[in-house]
1. Residue B:154 versus (1) facing chain A (nearest Cβ under 10 Å); (2) part of a helix (DSSP H, G or I); (3) in contact (Cβ under 8 Å) with a residue 12 or more places away in the chain; (4) among the β-branched types (Val, Ile, Thr): which is the lone unmet condition?
2. Consider only pairs whose beta carbons are under 7 Å apart and that are at least six residues apart or on different chains; among these, list those whose first residue lies in segment A:164-186 and is more than 9 Å from every other protein chain (Cβ to nearest Cβ) and whose second residue is of a type in the set (A, V, I, L, M) and assigned to a loop (DSSP other than H, G, I, E, B).
3. Filtering segment A:88-127 down to residues that are open to solvent by 20 Å² or more (accessible area, probe 1.4 Å) and among the basic types (Lys, Arg), which residue is nearest to the other protein chains (Cβ to nearest Cβ)?
4. Mind checking which residues of segment B:22-57 are in contact (Cβ under 8 Å) with a residue 24 or more places away in the chain, assigned to a loop (DSSP other than H, G, I, E, B) and over 19 Å from residue B:155 (Cβ atoms)?
5. Do the conditions hold for residue A:193, that is, is it modelled with pLDDT of 95 or more, farther than 29 Å from residue A:80 by Cβ and open to solvent by 10 Å² or more (accessible area, probe 1.4 Å)?
6. Hey, among A:68, A:59, which residue is at pLDDT below 75 and open to solvent by less than 30 Å² (accessible area, probe 1.4 Å)?
7. Of everything in segment A:136-151 that's within 30 Å of residue A:190 (Cβ to Cβ) and within 17 Å of the chain's Cα centre (by Cα), which residue is nearest to the other protein chains (Cβ to nearest Cβ)?
8. Could you check how many residues of segment A:187-197 are more than 13 Å from residue B:174 (Cα to Cα) and at the interface with chain B (Cβ under 9 Å from one of its Cβ atoms)?
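The values are calculated or read from the model by the stated rules, or taken from the named source; none is laboratory data. Here the structure is a predicted model, which is why all the values come from computation and not from measurement. We place every Cβ from the backbone using ideal geometry, glycine too, and count neighbours over all the protein chains shown. What goes into the accessible areas is simple: the full protein's heavy atoms, side chains included, and nothing from ligands, DNA or RNA. Shrake-Rupley method; radii C 1.70, N 1.55, O 1.52, S 1.80 Å.
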Number of protein chains: 2
Amino acid sequence: MSKKIVTITRQYASGGREIGMKLAEKIGAEFCDKKLLEEAAKSSGIHQSHFEENDEKRTSSFLYLLSTTYGQSGVPFDDTLFFAQLNAIQKIASQQSCVIIGRCADYALRDFENVAHILISAPEEWRVKRAVEVYGIEEKHAKDYVKRIDKQRIAYYNYYTDKRWGVPQNYHLCVDSSALGIDGTVNLLKTFLDEFYS
Amino acid sequence: MSKKIVTITRQYASGGREIGMKLAEKIGAEFCDKKLLEEAAKSSGIHQSHFEENDEKRTSSFLYLLSTTYGQSGVPFDDTLFFAQLNAIQKIASQQSCVIIGRCADYALRDFENVAHILISAPEEWRVKRAVEVYGIEEKHAKDYVKRIDKQRIAYYNYYTDKRWGVPQNYHLCVDSSALGIDGTVNLLKTFLDEFYS
């Protein structure tokens, strides 16, 4: 049986992470979220805290750019982190079935064959409610927070890849997770993958 | 049992029409493609040929604008056609289960409840091949033709609605029809709708 490799791009609080976790279990694949950061830290020798601090966000602050640590190669530190993560994604995907969440994984695996690319989105009001209920974000700040995390991820993706975030033509399937709920979406994706890998 | 109303927005030669036709049969709904134009012509008293000539396209030609026929109300003729079509879509959807192809149907039914909005896309090379094989477009012109029809439809949608064409957040499900093929996509959509309307 061939490996099953799935990338999940998600809007914040759309349930993409939970969907990915349940889907990985259903299809017998490794769930890769923070695990990617561990693998990138291990391979690169850079402390994991740096990957966590810069996870799927970039800063355009001029002061930050001035103070950016350059390695011996002259590559800015945040680019070094990105490339280490790219390598980690490619290493994991070449070894085993996996469901990879975010981190430009669809771009990292663009030259891999038989990878299923999924986007999970949901209406803003549904995600704001979920941010409060599931992630414990304070209600009065939840809407701004949801918007900000989305913007960070989109800016990160658009900066590091040659594609635009969230264009449906970049994915095999885009699902509004509010339509069927978390478990319903997992079941639909399982149906899709059974056929995709048949 | 409640009505099942499905809108399908599609890229040219992605198979959206064929998928919609087969899906309509599977869920016991009326398939509405050119039928919309008949209904719009009947209700408005405008000859059907005008709807066919202006189907999902608009012109920005200055000469066309100068020569545009204005009705008694002062509404440009192409806007009159659009509104007649909008009315036809709303009339059909209020009467019966239906699968409606293109024509800004997702926008026309934005205030209707329990409508499933689907987008069908596919990689350009897949659609170009299909344009030649299924629609008989001359091979040397097929790529340009596919691009042009897409551009026409996108311009039409973006002009007449307050949304942007092809933003995944506007749809419950976006499917790349090349991933599972026409019949595989129909089956996936059937699975989705069974759960959506359960």
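1. The one condition residue B:154 does not meet is (1).
2. A:177/A:122
3. Looking at the filtered set, the residue picked out is A:110.
4. Selection gives B:28, B:29, B:33, B:46.
5. Answer is no for this residue.
6. A:68
7. Checking each candidate, the answer is A:150.
8. Residues flagged as more than 13 Å from residue B:174 (Cα to Cα) and at the interface with chain B (Cβ under 9 Å from one of its Cβ atoms) within segment A:187-197 amount to 4.
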